[in-house]
Amino acid sequence: MGKNVKEIPKRISNLFGFIKADRKKLSLSIVSLVLSTMVLISATYCWYALSKANANGKNISLSVGRGLRVNDLGESFQNIADDSYLLPASSVDGRNLYFPADGTDFSTTTSKMTFRTANAGDRNYDYVQYDFNLTAEANYTGIYLDKDTSLSIDVPDDASEEYKTACAKAQKALRAAIYYEKMEKPAVFNAQNNPSSVNAVDDVDRTTGRFIESSQQVAVPFRDYSYGKRQLAMLNQGETRPFSLIIWLEGTDSNCVSDGVCESVMLKQIVLNLKFTTTWDNKTTIKFIDNTKSKDVKNFMANNPGYSLMLDYTNDSRDISHLKFTMYKSSNFDTDNAWYCNIPDNAYNDLTFQLVNDATDEAEYSWRETDDGTSTLNRGTANVYYVDSFEKLQGHWHDGDIEDQGAGHDIGEIDDDDW
């Protein structure tokens, strides 16, 4: 098998030298030659016998949303694109990659194969790893993937139908992982619309390369980390965090076969559009209005310069605990007695307005309920909060409809729970 593998580049070059890469619409191109004249398919796992070929590099762009900065990329992505290839490897989460070891004992059954761990020579040559920093410009900068993020294989328009079919199948074996240090578990993605699961290589003998064990790899669509769903990370103002992007071809995926037309699978050009979005791309303005007869909150703030009005936000599901937003006076403060702040529009629960003592950083006054004891921690669809009593720390959310100012419900037939 080892001898046959070495003959592949020559055979393929002669057979497919006429194929040219389409240069349109590529933000990142990485070369992958997924070839074999002797593909053996096991009942459980499938692997290619591989080689590599040169190709032109393309440009890549990495865009970020509001409140987020990325370190200067320069031409680093371009350099990766010029020199990178994708060879089948296996990893549970992208952190530890294992490549099949070449030799006469090569098998397509994972448990019978020998492997080697990825090394510095493989990085950005047999798989892709790009490290970059993201810095937040505002507190509570939740990081998500934009809905346009995608990973695919671009196929030349003049390629054969067999080649297009093989590429479409191989695309399902593409994997990408995004992670940062201390991340509980890296996010693993596929190039499909639905999750996929395989038993990927998890450990091998470092001396002999002998397979030891596999573990479940779960890869999800990029959209699973879009705004309103899973969050990649949360940064506060001035915080910088190093991220890593890994791209590889998962050899244990059943789609990592050429479906009987392996010699027509030649040049793979990987298209990656990586776009981050943040909570600040989707925000809402919250108003806190002094609705007391004597304007008690306004008077207290004027007479106590050592206090700040804050909006406290907690969300256990997003690991957010008592994140505080400073409330600022409105431009018409003298007439509307209002303060405001901007918060993510998906912040609905556990919201408390507080007067915080600047010296102790402790909340000495908190508005949490209405005059009848109903909780106001959930704002629902409302973005305006009226203070009804400073002494009793009572108030209510208002979504814009007319209210009867006291009974706890709207005037008319529709009661939409403003209180």
task = Would you be able to tell me the number of residues in the stretch 211-220 that are touching a residue at least 40 places away in the same chain (Cβ under 8 Å), surrounded by 14 or more Cβ atoms within 10 Å (Cβ to Cβ) and not hydroxyl-bearing (Ser, Thr, Tyr)?
result = 3
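When you go through ILE153, ILE80, ILE143 one by one, which is the residue that is in a strand (DSSP E or B), modelled with pLDDT under 85 and crowded, with 16+ Cβ neighbours inside 10 Å?
On the way: ILE80 fails: in a strand (DSSP E or B); ILE143 fails: modelled with pLDDT under 85.
Just one listed residue meets the conditions, ILE153.
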message = Tell me yes or no: at least one residue of the stretch 338-354 is surrounded by fewer than 19 Cβ atoms within 10 Å (Cβ to Cβ) and over 35 Å from the mean Cα position of the chain (by Cα).
response = no
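Can you tell me which residue in the stretch 367-379 is nearest to the chain's Cα centre (by Cα), limited to those that are open to solvent by less than 30 Å² (accessible area, probe 1.4 Å) and not aromatic (Phe, Trp, Tyr)?
Top of the filtered list is ARG379.
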message = Checking ALA120 against (1) at pLDDT below 90; (2) on the phi > 0 side of the Ramachandran plot: exactly one of these is not met. Which one?
response = (2)
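Condition check ((1) within 27 Å of ASN282 (Cβ to Cβ); (2) out of contact with any strand residue (DSSP E or B) (no Cβ under 8 Å at 6 or more places or on another chain)) across all residues:
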{"position": "ASP336", "(1), (2)": "yes, no"}
{"position": "TRP339", "(1), (2)": "yes, no"}
{"position": "ASP350", "(1), (2)": "yes, no"}
{"position": "ASP358", "(1), (2)": "no, no"}
{"position": "GLU364", "(1), (2)": "no, no"}
{"position": "TRP367", "(1), (2)": "yes, no"}
{"position": "ASP372", "(1), (2)": "no, yes"}
{"position": "LEU377", "(1), (2)": "yes, no"}
{"position": "THR381", "(1), (2)": "yes, yes"}
remark   = Per the list (1) surrounded by fewer than 18 Cβ atoms within 10 Å (Cβ to Cβ); (2) in contact (Cβ under 8 Å) with a residue 40 or more places away in the chain, residue check on ALA136 breaks on (1)
key: Check on PRO186, free of Cβ contacts under 8 Å to residues at least 60 places away in the same chain and crowded, with 16+ Cβ neighbours inside 10 Å   = no
query = Looking at (1) touching a strand residue (DSSP E or B) at 6+ places or on another chain (Cβ under 9 Å); (2) over 20 Å from ASN96 (Cα atoms); (3) open to solvent by 60 Å² or more (accessible area, probe 1.4 Å); (4) assigned to a loop (DSSP other than H, G, I, E, B), which is the only condition ARG223 fails?
reply = (4)
inquiry  = I'd like to check something: does the stretch 341-348 contain any residue that is within 17 Å of TYR385 (Cα to Cα), in contact with a helix residue (DSSP H, G or I) (Cβ under 7 Å, 6 or more places away or on another chain) and touching a residue at least 60 places away in the same chain (Cβ under 8 Å)?
reply    = yes
ask   = Out of curiosity, is ASN273 more than 17 Å from PHE132 (Cβ to Cβ) and either modelled with pLDDT of 90 or more or open to solvent by 10 Å² or more (accessible area, probe 1.4 Å) (or both)?
value = no
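The values are calculated or read from the model by the stated rules, or taken from the named source; none is laboratory data. Note that the coordinates shown come from a computational prediction; the quantities given were computed from them, not determined experimentally. With ideal geometry, Cβ positions are generated from the backbone for all residues, glycine too; neighbour counts draw on all protein chains shown. Remember, those area values only see protein heavy atoms, side chains included, never the ligands or the DNA or RNA. Shrake-Rupley method; radii C 1.70, N 1.55, O 1.52, S 1.80 Å.
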